[in-house]
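The values are calculated or read from the model by the stated rules, or taken from the named source; none is laboratory data. Predicted, not measured: the structure shown is a model, and the values here were computed from it. Backbone-built Cβ (ideal geometry, glycine too); neighbour counts: all protein chains shown. Just so you know, the surface numbers come from the protein's heavy atoms only, side chains and all, with ligands and any DNA or RNA stripped out. Shrake-Rupley method; radii C 1.70, N 1.55, O 1.52, S 1.80 Å.
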Amino acid sequence: MGAAGQGLSDEEVRGIREALAAGRKPRVVFTAAAGQIAGQLGQVVELTDPAVSDEFVVVRFGRDELPFSPADVAVAPKGAGRRPVEQKVEPPSAEPVVAGPEFVLDQAPQPRREEREEPKVEAVETKPARRAVKAVKPKGPAGLTVTLAYAEGEWTVAAQQGGKVLAKPYVLKPAEALRMVALVDVPGVQEAVEQILAAERSEAERQAEKLRAELAEIEARLAELREAG
């Protein structure tokens, strides 16, 4: 049986689930993890899905039914929560009536018997502290990451969802990379891409001029060889 400071074990959670299935509502006591209501008693009315929320133990406390985690409650000890039996006190018996004076030698005066009042048990209703109920957010799909990268003169794009690779990095044309960046609508990023493309364009033009000059020399040499033949 779980102690008041340890919370519910997995075995006790299974026992509570079986008791609920049988129509019973097991009593639990709040542990120190529950805050200011520690030591108070409640009844488990439902066990929700622990995969949705850690607070799946629904406890009726006073007029409220609130969810708690297994660490917030423990199985209540036997006899906890029962009202004590009121003890009935019989009224004192009446003093006997003595006819005539009574002469007693060397008798100490008897103390006056005080009438004892019957103990009163006052029921004090304790208002449970309201605990904010956490909104259970449904689990959505894993995050999607699309990466556009530029390195060594090539543009690549890759996609990954959670830990699953949807698309390995593959090469894009510069125009396609520029269109993708334009969809983001971030001026700083778009300017950086345009600068890279401008630099690539200049380098390509320089190489084209060099190749045209080399081609012209080769054609002139070929013409000389034809004339000599």
Any hit, the stretch 73-92, residues being of a type outside the set (D, E), part of a helix (DSSP H, G or I), within 25 Å of the chain's Cα centre (by Cα) and modelled with pLDDT of 85 or more: no
Given (1) among the aliphatic types (A, V, I, L, M); (2) open to solvent by less than 50 Å² (accessible area, probe 1.4 Å); (3) closer than 13 Å to P70 by Cβ; (4) in contact with a helix residue (DSSP H, G or I) (Cβ under 6 Å, 6 or more places away or on another chain), number of the condition V28 does not satisfy: (4)
Only listed residue being touching a helix residue (DSSP H, G or I) at 6+ places or on another chain (Cβ under 7 Å) and open to solvent by less than 100 Å² (accessible area, probe 1.4 Å), chosen from L222, L197, L215: L197
Residues of the stretch 41-72 classified as outside any strand (DSSP E or B) and either buried (at least 19 other Cβ atoms within 10 Å of the Cβ) or in contact with a helix residue (DSSP H, G or I) (Cβ under 9 Å, 6 or more places away or on another chain) (or both), total: 8
Check on K168, open to solvent by 80 Å² or more (accessible area, probe 1.4 Å), modelled with pLDDT of 55 or more and over 30 Å from Q195 (Cβ atoms): no
Selection within the stretch 155-196 - within 29 Å of A142 (Cα to Cα), acidic (D, E) and more than 41 Å from the chain's Cα centre (by Cα): E176
